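Heads up: the structure comes next, in C-alpha cells.
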Amino acid sequence: MGIAGLPVALLLVALTVPAQAQVPALRDLAKHEQFRDVKISPDGQYLAVTGVVKDKTVLSMLRLADMSGVNLRPIERDEVQDFWWLGSHRIVYNMSQKLYDVDGMVANGELLAVNADGSNKTVLYSWRRSAGTQGYAIVEGRLAGNEKLLVNVRPWGKCDRGPYPTARSLAADGSMETLATAPICNASFVADNDGTVRFAHATGDDLKAKVYYRANASAEWELLFDEGVTHRIDTPLRFTRDNKKVYFSCPGERKMGGICLWDVAERKMEALWSGNEADADELLDTFEGRDAYAIASMPGRPALTLIDKSARESDMMRNLAQVFAGQRVSIGSHTSDGHQAVVFVDSDTNPGEYYLYDVAARKLRFLVAKYPWLKRETLASTEPIAFAARDGTSLHGYLTRPQRAAQGRSPLVVYVHGGPYGIRDRWRYDSYVQALASRGYAVLQVNFRGSGGYGEEFQNAGARQWGGKMQDDVTDATRWAITQGIGDPQRVCIFGASYGGYAALEGVAKEPDLYRCAIGYVGVYDLPMMFKRGDIPESRFGKNYLKWALGENEGELRARSPVAQADKIKARVMLVVGGNDGRVPEEHGKAMRDALKAKGADPEWLYDRTEGHGFYAEDHVNELFERLLGFLDHEIGPNHR
C-alpha cells in the first residue's frame, strides 16, 4: 500500500481527484506541491517526508512497519527547507523563509535536529539564538562513513576581506568541529573519503573561478587552478574510492562541459567524459558514498552515462529505466546496506512520484506523488528542438504543443527564461507551460546564448549581448517556429520573467511587427538602473558581474533599455510587478508603464505589494494565471482572428 492510508491527523493524507478531468484547473496548477521530498533512514526503519499543509512545509517521520508517525510543525514564520538523516534515528534539518529578492522560499542558515519519533528537538546552529555565530550554515554533504555531515558556515556580509567560510563536521550528538577555513570568499568545500577537507573553490570578485588545494589537514592552501590563468573552469566534485584521483567538472573535448579525473600524485588532468550536445548535470555517487558510477546530462531529454557498468547501482538504473521508459529516474536516498532505495520519477507530464525500491527483489512500492491532483493525461507533452541561428550557431530548446490543438497553426507564446547566465530551460514539468498549453497555446522555449548547460564558450557568448545576439536568438527561434508551420504568424506573444521580462519588452521594441503582444513579469526595463537599485550592486562581486554582463557605456545601456524604446512598440503589453522585489525593484515596472502611457499605450497592470521576484502565494499565482490567459485570449487567443 502507498502512504495514502495514513490517519487524517497526519500529513500524508490522500487527496480525492475528480475523474476524467479534461484540462487541469488553473488553481491546481498554481498550488504548491503536496509532497516535496522523501528519504529513508539508514537502517530502513523510517521514512522522513516533507509536504505542504495549509501553505506551510511540514516534516513528518514515519515508521515503515506500520506507517505510524509524527509531524514536526514549523516554528514562527519559517518552514522546513531540507533535511538529512544523521544516523538511523536522528534528522538534521534547516528552515526557510520568504525573501523578496527571489521567488520561493530560501534557507535561513540555521540547523536543527530531532529524533525519528519526534523527541529531543534541538537547535544545532542559530545566528538568531546564539551569541558569537558568524554566519549561516549550509550542509554540503556527508563525511567518511556517512556518520557526520559536512557543514559550510559562510559569514554574513560582503566577505571582501574575511572572515572566510569554515568547513565543519557535524555529529549526531550535535557537536561541531572546525575542519578548515577557506582562503577565499563564498567558498565551497570538498573532502576526501577519510573526511579530510582537501579543496576549497569559489568564483572570485574578478568573476574568475579559483580552486585551492591542500595535501592534508595541516598543509597550507595553495592556488591550484585559476580561470584567469588557465582560461578554463575546473571544479572539484569528489574523490575516487582510493583517494588517488579526483572527479572534476571540466571543459569537454567538443566545446561542451565534461567530467575529468585529476591525478593527485601526478597533478595531471585527463578527460573521462565529454558532452556532445550538453554539459554534465550531475555525478552520481555509489551507495556507500565513496565513488561515482554514472553521469547524468540533458542533451534534450535526460540521459545517463554509466562509468562503472559493473556497479550494482548501474544494474539498478538499467532495470528502472526499462520500468519507467521515457521518464527521468533518480535515486534520492537509500539504506546504508543498499538493500532499499527511494526512487524519484518525473517527466514533462509527470510532476514527480516517489517509490520505495527493494534492490534485491527488484520490487517497487508506490509512496506519494508530488502533485496528486494532477493527472498525466491532462498535461501536454514537451519535445526537444534544435535549429541554427542566423550566424550558424546551434541552438536548443523545447516546444510544447497545446493539448487540444486545432488543425493547422496554433497561437504561439515564446516563453523566455530568466537568469540569464547559467540558467537553461529543461525537459520537465512546468506549471506555467502547462497553464498556457492547456488553454490552446503552443509554447516555445529557447536556450539562447548566455544560457547554461552548453559549455562555457556558449555561456560567455551572451556577455554584453542584452538586446544583441541573445535577443536575436529568441527572434530566430520565433521565426523558426513560424517557418515550421507551428505558430500562426499573426498570433504570437512573447513572455518572460526577470531577464525574460526584459527580452519580452525588448523583443517587441526590436521586432515590432513580429509579436502581437508582450508580457513582462518582474522584468528589467532600465539597464542603467541595474547599477543603482536592487541587491546586485551591493557587493563588489555584483558590480563586476553587471560590468561583465551589461557593459559600462551608459549611452548604450540606455539605448538597449525598453523604457527608452517605448515609441517603437506596437504590441499590447502586460506588466506583472512585485512590490517587495529586492532583485528587480518595482521602479523598473513603473518606469515601463509610464513610458508606455506617455505614448498613449496603457499597459495591462498586475501588481502585488507583498510579492517579490516572482509570485509565490498560491492565490497570487492563480490570479496571475487568470489575468495572463485573459490577456492572451483577447490578443491572440485560439478563437481570435
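With respect to Leu436, is the statement that it is touching a helix residue (DSSP H, G or I) at 6+ places or on another chain (Cβ under 8 Å), not basic (Lys, Arg) and not in a strand (DSSP E or B) true? Spelling it out, Leu436 is indeed touching a helix residue (DSSP H, G or I) at 6+ places or on another chain (Cβ under 8 Å), not basic (Lys, Arg) and not in a strand (DSSP E or B). Across the stretch 270-288, the qualifying residues are those that are of a type in the set (Gly, Ala, Ser) and buried (at least 17 other Cβ atoms within 10 Å of the Cβ), and the one among them that is farthest from the chain's Cα centre (by Cα) is Ser274.
Taking (1) of a type outside the set (A, V, I, L, M); (2) part of a loop (DSSP other than H, G, I, E, B); (3) over 30 Å from Leu207 (Cα atoms) in turn, Asn580 satisfies each apart from (3). Residues in the stretch 439-470 that are assigned to a helix (DSSP H, G or I) and either in contact with a Phe, Trp or Tyr (Cβ under 7 Å, 6 or more places away or on another chain) or within 28 Å of Glu626 (Cα to Cα) (or both): Gln459, Met470.
Against the numbered list (1) polar (S, T, N, Q); (2) farther than 27 Å from Lys31 by Cβ; (3) at pLDDT 95 or above, Asn639 comes up short only at (3). Taking the criterion of being assigned to a loop (DSSP other than H, G, I, E, B) and more than 26 Å from Ser96 (Cα to Cα), the residues of the stretch 41-68 that qualify are Asp43, Gly44, Gln45, Leu64, Ala65, Asp66, Met67.
State all residues of the stretch 28-71 that are in contact (Cβ under 8 Å) with a residue 12 or more places away in the chain and of a type in the set (D, E, K, R); if no residue qualifies, say none. Asp28, Lys31, Glu33, Arg36, Asp37, Lys39, Asp43, Asp55, Lys56, Arg63, listed by residue number. Being over 24 Å from the mean Cα position of the chain (by Cα) and at negative phi is a description that applies to Glu266. If you go through the stretch 402-440 and keep only what is of a type in the set (Lys, Arg) and over 17 Å from Cys493 (Cα atoms), you end up with Arg404, Arg424, Arg426, Arg428. With respect to Gly523, is the statement that it is under 29 Å from the mean Cα position of the chain (by Cα) and in contact (Cβ under 8 Å) with a residue 60 or more places away in the chain true? Answer is yes for this residue. Candidates are the residues of the stretch 353-371 that are touching a residue at least 60 places away in the same chain (Cβ under 8 Å) and buried (at least 19 other Cβ atoms within 10 Å of the Cβ); the one that is nearest to Gln340 (Cα to Cα) is Leu356.
Taken over the stretch 274-306, the residue count meeting the criterion of being part of a loop (DSSP other than H, G, I, E, B) and either free of Cβ contacts under 8 Å to residues at least 60 places away in the same chain or not small (Gly, Ala, Ser) (or both) is 12.
Can you confirm whether Gly496 is closer than 29 Å to Gly612 by Cβ and out of contact with any Lys or Arg (no Cβ under 8 Å at 6 or more places or on another chain)? Spelling it out, Gly496 is indeed closer than 29 Å to Gly612 by Cβ and out of contact with any Lys or Arg (no Cβ under 8 Å at 6 or more places or on another chain).
Being assigned by TED's automatic domain parsing to the domain that holds Gly468, under 20 Å from Val414 (Cα atoms) and without any contact (Cβ under 8 Å) to a residue 60 or more places away in the chain holds for only one residue in Gly600, Gly614, Gly630, and it is Gly630.
One residue stands out among those in the stretch 429-485 that are of a type in the set (A, V, I, L, M) and either out of contact with any Leu (no Cβ under 7 Å at 6 or more places or on another chain) or at pLDDT below 95 (or both): the one that is farthest from Gln407 (Cα to Cα), which is Ala463.
Residues of the stretch 404-426 include none that is of a type in the set (Phe, Trp, Tyr) and in a helix (DSSP H, G or I).
The values are calculated or read from the model by the stated rules, or taken from the named source; none is laboratory data. Quick caveat, the model's predicted, so the values are computed rather than measured. Every residue, glycine as well, gets a Cβ built from its backbone with ideal geometry; the counts of neighbours run over all protein chains shown.
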